[in-house]
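Written below as structure tokens is the structure these notes are about.
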Amino acid sequence: MKIDAVLKDELKQFLKQKISDEGRRIIIVAPYRLDETEIDSIRQKFQLDYKAQISQKEDKSLIGGFIIKFGSKMIDLSIKSELQNLKQSIYEIT
């Protein structure tokens, strides 16, 4: 089956836009809802795009800290992951 050239170009444009939009969506996961000051501080610290749409999710199991997800990347600065890393290190030592 052959794809029409116009349809193929439209599909390429759509996929490029979708990929671009994904890069502008940032999810911050924290144990509590962050206020605007905290979000601005995170934007500055991690040099996040100010045009990016930020959404928040609450996850009390993180204990403290936060996780930033954008595109296919993730920055995990939560206490939960630090404790898991510490636990893994202890298991490797013993």
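Which links in K51/K80; K60/K87; K45/K87; K51/K73 stretch past 24 Å when you go from one Cα to the other?
Numbers: K51/K80 30 Å; K60/K87 20 Å; K45/K87 28 Å; K51/K73 18 Å.
Where the Cα-Cα span goes over 24 Å, the pairs concerned are K51/K80; K45/K87.
Only sites in a loop by DSSP and with at most 10 other Cβ atoms within 10 Å count here; which trypsin sites (Lys or Arg not before Pro) in the stretch 32-84 make the cut? Present the calculation step by step, with values, prior to reporting the outcome.
Details: sites: R33, R43, K45, K51, K57, K60, K69, K73, K80; in loops: R33, K51.
Answer by residue number: R33, K51.
Got the relative contact order for the stretch 5-93 handy, in percent, Cα pairs under 8 Å and 6 or more residues apart? Walk me through the numbers on the way to the answer.
Values: 103 pairs, mean separation 27.3, N = 89.
The value is 31 percent.
If you line up the Cα atoms of the stretch 5-93 on their principal axes, what length do they span on each, largest first, in Å?
Its Cα atoms span 59, 36, 21 Å along the three principal axes.
In the stretch 5-93, what percentage of the DSSP-assigned beta bridges are antiparallel, given to the nearest 5? Before the final figure, lay out the partial values.
Details: 8 of 14 bridges.
Within the stretch 5-93, antiparallel bridges account for around 55 percent of the total.
Computed FRET efficiency, Cβ-Cβ of Y32 and E92, R0 30 Å: what is it to the nearest 0.05?
Numbers: r = 32 Å, r/R0 = 1.08.
According to the calculation, E is roughly 0.40.
So, in nm, how far is label Q53 from label S81 when the simple model puts each one 7 Å beyond its Cα toward the Cβ?
2.4 nm
Work out the FRET efficiency for A5 and R43 from their Cβ-Cβ distance, taking R0 = 41 Å, and round it to the nearest 0.05. Before the final figure, lay out the partial values.
Working: r = 42 Å, r/R0 = 1.01.
E between A5 and R43, to the nearest 0.05, is 0.50.
Just so you know, all these numbers are worked out from the coordinates, no wet-lab data involved. As the structure is a prediction and not an experimental result, all values here were calculated from the model. Note that each Cβ is placed from the backbone with ideal geometry, even for glycine, and that neighbours are counted across all protein chains shown.
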